[in-house]
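Student: Quick one: structure below, then a few questions.
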Amino acid sequence: MTASLSQPASQAFKTLRAEFEKREANFISPFGCLSANSRGRSQPEKPCPIRTAFQVDKDRILFSNAFRRLKHKTQVFLNPSGDEYRTRLTHTLEVAQIARTISRAMFLNEDLAEAIALGHDLGHTPFGHGGETVLKEIFSSAFSHQAQSLRVVQVLENSGEGLNLTYEVRDGILRHSKGYGKIIPDDPRELPCTTEGHVVRVADIMAYLNHDLDDAIRSGVIKEAQLPDQVQKVLGNAHDERLNTMITDLITYSQPCENELKLDMSETVFGAMTALRQFLYDNVYRSSKVHNEFIKAKKIMSELFEHFRENEALLDDELEKMRLPALGSNGATKARLICDLLACMTDRYALSLYARTFFPSPSV
């Protein structure tokens, strides 16, 4: 029986989640992940009477401290002053919307795709991938923003309690990144366990290829006329045109293969995307303007790391401000907690803290 708001609340609540799960079963293809079939959470808990498991995950991520911090974290350009430049938050929202569009067209679970997308960059450092490189050098070569994102939702949020997300969302967050490897990898071990997770991987690159290009042109790092002819002829000359071409092509060429939905694209569009990514790496991400800013970021993060190592009182204070686990909790080393603290900081907070710590204050 369909739940009605005219029913007593207790009676309606008993049927709402079941009704949504029934809708999923009637709508989602065999390649999608039903919320009722989730592998569950690390810590068992009573299901929400209203929302499905993946809806709960989406809400927990959206209302987390880590999600709010994304608004002041660099996407490409360090602490941009212009209002129209993308931040890690706007990137995340664009990925989520692209993932939902693709998932709906493919009859997949939109809530699962959106939850993975909203959480995929929660562990990203200040100063973009430059900050990630610094923590690889000063903390551990194994550091990665995707593993840190998983640590955020499992360990750091809620003062060490974590968000207790479902297995499928945690898996999608951990395996969302492809670095500079293949857009669609051949090795299944690199892929998330759900098709929705695969979609987020591709949505992520579609989003950043388009918005990083926009921001690079806006900032004057490149000019539109520099774009390879292949990119303009195949993908188009406007942001919405390029994005629509990529999404439509993926939906058109993805096909069932051996009991799974294999994401695929035409050679023409896939080749243009690959060419655009190479162009951005050569002319934007490795440009002198971007590189010089990240040299400054490296100095800031390295010196803050050492300062926290030598000043436990300050470290304790900053961990408390960030609502992160305190020294001695969860068996984490001091270096691990300093890494967590630095990774959680926004660009502007790191810059402000550095100035307060290392710049002299006027005496009068």
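The values are calculated or read from the model by the stated rules, or taken from the named source; none is laboratory data. Computed from a predicted structure; not experimentally measured. For neighbour counting, all protein chains shown are included, and Cβ atoms are generated from backbone atoms with ideal geometry for every residue, glycine included. Heavy atoms of the whole protein, side chains included, go into the accessibility calculation; ligands, DNA and RNA do not. Shrake-Rupley method; radii C 1.70, N 1.55, O 1.52, S 1.80 Å.
Student: Summing -39500 (n - 2.57) over the DSSP H runs of n ≥ 4 in the chain and dividing by its residue number, what mean residue ellipticity at 222 nm do you reach, to the nearest 500 deg cm²/dmol?
Tutor: -18000 deg cm²/dmol
Student: While we're here: With r defined as the distance between the Cβ atoms of Ile222 and Phe107 and R0 fixed at 41 Å, what FRET efficiency is calculated, to the nearest 0.05?
Tutor: E(calc), rounded to 0.05, equals 0.60.
Student: Which residues' amide hydrogens lie under 5 Å from the amide hydrogen of Thr125, considering only partners 5 or more residues apart or on another chain, with H built in the peptide plane?
Tutor: Glu132
Student: Here's a follow-up. Could you give the longest part of the chain that holds none of the trypsin sites (Lys or Arg not before Pro) found in DSSP loops with at most 10 neighbouring Cβ atoms within 10 Å?
Tutor: No qualifying site falls inside 1-222, the longest such stretch.
Student: With a point put 7 Å past each Cα toward its Cβ, work out how far Tyr167 is from Ala25 in nm, to one decimal.
Tutor: Those two pseudo-labels are separated by 2.0 nm.
Student: Moving on to the next point. Report the calculated FRET efficiency for Asn330 and Arg39 (r = Cβ-Cβ distance, R0 = 22 Å), to the nearest 0.05.
Tutor: According to the calculation, E is roughly 0.40.
Student: Where does the charge balance sit around Lys299 when Lys and Arg score +1, Asp and Glu -1, over other residues with C-beta under 15 Å from its C-beta?
Tutor: The answer is -3.
Student: Related question: So for Ile173, Ile50, what's the accessible-area order with a 1.4 Å probe, most first?
Tutor: Ile50, Ile173
Student: Among the lysines, select those whose C-alpha is under 25 Å from the C-alpha of Lys46, and discard any that sit fewer than 8 residues away in the same chain.
Tutor: Filter leaves Lys14, Lys22, Lys58.
Student: Which net charge results when you count Lys and Arg as +1 and Asp and Glu as -1 among the other residues whose beta-carbon is under 15 Å from that of Gly131?
Tutor: Neighbour charge sum, excluding Gly131 itself: +1.
Student: So for the pair Asp282, Arg309, with labels modelled 7 Å out along Cα→Cβ, what separation do we get in nm?
Tutor: With each label point 7 Å from Cα toward Cβ, the separation is 3.9 nm.
Student: Separate question: Can you find, among Ala99, Pro325, Tyr167, the residue farthest towards the positive end of the dipole of the chain? Put +1 on the C-beta of Lys and Arg, -1 on that of Asp and Glu.
Tutor: Of the listed residues, the answer is Pro325.
Student: What are the semi-axes of the equivalent ellipsoid for the chain, taken as the square roots of 5 times the Cα gyration tensor eigenvalues, largest first, in whole Å?
Tutor: 35, 30, 17
Student: Counting only other residues whose beta carbon sits under 15 Å from that of Ser141, what net charge do I get with K and R as +1, D and E as -1?
Tutor: 0
Student: May I ask you to evaluate 6.51 cos²θ - 1.76 cosθ + 1.60, the Karplus curve with θ = phi - 60°, for each residue of region 320-329 and list the ³J(HN,Hα) values in order in whole Hz, giving x for glycine and proline?
Tutor: Running phi through 6.51 cos²θ - 1.76 cosθ + 1.60 with θ = phi - 60° gives 5, 4, 7, 6, 9, x, 7, 3, x, 8 Hz.
Student: On full extension of the chain, what length is gained from Ser140 through Tyr253, given 0.36 nm per residue of separation minus the C-alpha to C-alpha distance?
Tutor: Gain in length upon complete extension: 36.7 nm.
Student: Taking the Cα centre of the chain as origin and charging only Cβ (+1 Lys, Arg; -1 Asp, Glu), how large is the dipole, in debye to the nearest 20?
Tutor: Around 500 debye, computed over the chain.
Student: May I pose another question? Considering the dipole of region 218-263 built from charges on the beta carbon (Lys and Arg +1, Asp and Glu -1) around the Cα centre, which of Leu243, Ala225, Leu263 is farthest to its positive end?
Tutor: After comparing all options, I get Ala225.
Student: Right, here's the next one. For region 229-285, just run the numbers: alpha carbon Rg, then divide by 2.2 N^0.38 Å, N being how many residues it has.
Tutor: 1.26
Student: Which of the aspartates and glutamates could a cross-linker span from Lys262 if the Cα-Cα distance has to be under 19 Å and same-chain partners fewer than 8 positions apart are dropped?
Tutor: Leaving aside aspartates and glutamates fewer than 8 places away in the same chain, those within reach of Lys262 are Glu110, Glu168, Asp171, Asp186, Asp187, Glu190, Glu196, Asp204, Asp249.
Student: Further, regarding this structure: If you wrap a convex hull around the alpha carbons of region 245-345, what volume per residue comes out, as a whole number of Å³?
Tutor: 186
Student: Ignoring GluC sites (Glu not before Pro) that are buried or in helix or strand per DSSP, and keeping those with at most 16 other beta carbon atoms within 10 Å, what is the longest stretch of the chain between them?
Tutor: Longest site-free region, per DSSP loop and neighbour criteria: 259-364.
Student: If you count only protein heavy atoms and use a 1.4 Å probe, how large is the accessible surface of Tyr354, to the nearest 10 Å²?
Tutor: For Tyr354, solvent-accessible area is about 30 Å².
Student: In percent, what relative contact order does region 219-364 have, based on Cα pairs under 8 Å that are 6 or more apart in sequence?
Tutor: Contact order relative to length: 17 percent.
Student: Related question: Hey, which of these cross-link pairs are over 18 Å Cα-Cα: Lys71/Lys298; Lys136/Lys289; Lys136/Lys299?
Tutor: Lys71/Lys298; Lys136/Lys289
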